[in-house]
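Working notes, beginning with the structure itself.
The values are calculated or read from the model by the stated rules, or taken from the named source; none is laboratory data. Keep in mind the model is a prediction, meaning the values are calculated, not measured. Please note: Cβ atoms are built from the backbone with ideal geometry, for glycine as well, and neighbour counts cover all protein chains shown. Heavy atoms of the whole protein, side chains included, go into the accessibility calculation; ligands, DNA and RNA do not. Shrake-Rupley method; radii C 1.70, N 1.55, O 1.52, S 1.80 Å.
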Amino acid sequence: MDLLNSVLNWVVPPASLVMMAFAWPALTFITGCEWLYNTFNSEPMEDKVVIITGASSGIGEQIAYEYAKRGAKLVLVARRDNRLRLISENARHMGAKHVMIVAADVVKEEECRRFVNETINFYGRVDHLVNTVSLGHTFYFEEVTDTTVFPHLLDINFWGNVYPTYVALPHLRQTNGKIIVNASVESWLPLPRMSLYAAAKAALVNFYETLRLEVDHEVGITIATHGWIGSELTRGKFMVEEGAEMQWKEEREVHVTGGPVDDFARLIVAGACRGDAYVKYPSWYDIFLLYRVFAPKVLNWTFRLILPTHGGRRTSLVGTGRPISEGYGRPLFEGTPPRKLPSTFAPQSPQQLKME
């Protein structure tokens, strides 16, 4: 058996690459035909009921607007009900037939059950569940001084998606509905300062890949992955409210419109209505997956060349312009593409988080 595995280790990878190279034109043609068919037979969303978690900002907000343009009935879920009121008005003006707002914490099963039950009691059905809630970070793992942020990151990025899915799944089966999840390319593409975020997203993607097999064709699942896109998570907007248990308040209001966030939201909704299994933005990131499988050393060498080295590194505060400890005594929540700032920006207790 060991000899057989040794032979297969050498034979299977190159043979698979050769087969894929020959099959690529045919696979591309089939995929294109399937895309055209699904596009012309896209699911009409008029009067359909859509639950969107994390709808108070960023990607969640823009997804709400995209569904509103298609005439859907919306249930917007987030912690900040004041933001939800404004977004609900915008959605109505864009064409939403009806909008319900619910302030809830998606990491608590009982609150997820509450907003799903309120949706069923009012509308009588659920057609799409869109999970966009996400919490990221830009700190180096070994520099963390307060490990209490660890369970919060995993709770929001994993259980904050699993609990709404668990509660809504029986109702989605009745309508042959769809689940849309906001994942990230970091689930398989290694980047520094995102260790826990990447681990949680990898767990999330694997959960939904497994669930897709379990529900078969009764419920569609669309996994959306993105690289760096502009939204509130790149603008230093969120901080932990003093004395509150993971409650968010706005540091400043930033209206997010235009650019990659809108484009990504549009792709997600269009892909979900077509029944796509995956939505990727941008799609060229996929090439790195090929390197990770067949040439991982090349990928590692590339990232070591283009990313900052270990020496003298500190977590930056891009978008805030001040140390974390200044004025609040609790970590600020924000996110930016990893880059190194001068040491004058380095906090004494470096911990940064970003909210999607």
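Assorted remarks:
- Residues (closer than 30 Å to Ala103 by Cβ and hydroxyl-bearing (Ser, Thr, Tyr)) located in the stretch 24-60: Thr53, Ser56, Ser57
- Taking every residue in the stretch 144-166 that is among the acidic types (Asp, Glu) and pairing it with any residue that is crowded, with 18+ Cβ neighbours inside 10 Å and not in a helix (DSSP H, G or I), at least 6 positions away or on another chain, the pairs with Cβ-Cβ distances below 9 Å are Asp146/Pro331; Asp146/Gln351; Asp155/Val107; Asp155/Leu135.
- Subset tally (residues that are open to solvent by less than 60 Å² (accessible area, probe 1.4 Å) and in a helix (DSSP H, G or I)) for the stretch 264-285: 10
- Among the residues of the stretch 111-125, not a single one is within 22 Å of Gly58 (Cα to Cα), modelled with pLDDT under 95 and under 19 Å from the mean Cα position of the chain (by Cα).
- Failed condition for Leu135, given (1) out of contact with any strand residue (DSSP E or B) (no Cβ under 7 Å at 6 or more places or on another chain); (2) over 26 Å from Met45 (Cβ atoms); (3) crowded, with 18+ Cβ neighbours inside 10 Å: (1)
- Qualifying residue in the stretch 114-121 (condition: under 20 Å from Asn182 (Cα atoms) and either assigned to a helix (DSSP H, G or I) or in contact (Cβ under 8 Å) with a residue 60 or more places away in the chain (or both)): yes
Here's the yes/no breakdown for (1) farther than 30 Å from Leu307 by Cα; (2) outside any helix (DSSP H, G or I):
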position	(1), (2)
Phe139	no, yes
Phe150	no, no
Asn157	no, no
Thr165	yes, no
Ala199	no, no
Val205	no, no
Tyr208	yes, no
Arg212	yes, no
His217	yes, yes
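- Candidates in the stretch 47-87 are the residues that are modelled with pLDDT under 95 and assigned to a loop (DSSP other than H, G, I, E, B); of these, the one that is most open to solvent (accessible area, probe 1.4 Å) is Asp47.
- The stretch 271-299, subset aliphatic (A, V, I, L, M) and closer than 24 Å to Trp10 by Cα, residue modelled with the highest pLDDT: Val298
- Pick from the stretch 88-132, criterion within 19 Å of Asp155 (Cβ to Cβ) and out of contact with any strand residue (DSSP E or B) (no Cβ under 8 Å at 6 or more places or on another chain), ranking: surrounded by the most Cβ atoms within 10 Å (Cβ to Cβ): Cys112
- Some residue of the stretch 1-14 being loosely packed, with under 10 Cβ neighbours inside 10 Å and acidic (Asp, Glu): yes
- Residues satisfying the stated conditions in the stretch 165-193, i.e. modelled with pLDDT under 95 and within 30 Å of Gly124 (Cα to Cα): Asn182, Ala183
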